[in-house]
Amino acid sequence: MAWEIKGWMSGGYMAAREDGELVFIYRRPDWGTGMSGLRAFFELRNRGRLIGRISSENSWRPRIKAEWLAETNRALNEEDLLEITEALSL
């Protein structure tokens, strides 16, 4: 299913899927998290729980890294994370 990024709101984005599932994407500072040197660092939350992280290196050719952190009994999976990462176009 396709994810649609709804735009910037309250320090992040909201991604919506056709069936009504929502994921909130919050931009986080790279300092203090052990992620210094990153160009972009986002946390993804669904129903109040952290489900993933997306980061991008600060280099001339950035590499995108998406990490799935949620348990397996959720309505979302790693494929959804990849679709959201692609929709963000970092």
Within-14-Å neighbourhood charge of Leu81 [Cβ basis; K, R +1; D, E -1]: -3
Most to least packed among 16-27, 66-77, 41-52 [average Cβ atoms within 10 Å]: 41-52, 16-27, 66-77
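Read-outs: derived from the displayed coordinates by stated rules, not from any lab. Not measured: the values here are computed from a predicted model. So basically every Cβ, Gly included, is an ideal-geometry build from the backbone, and we count neighbours across all protein chains shown.
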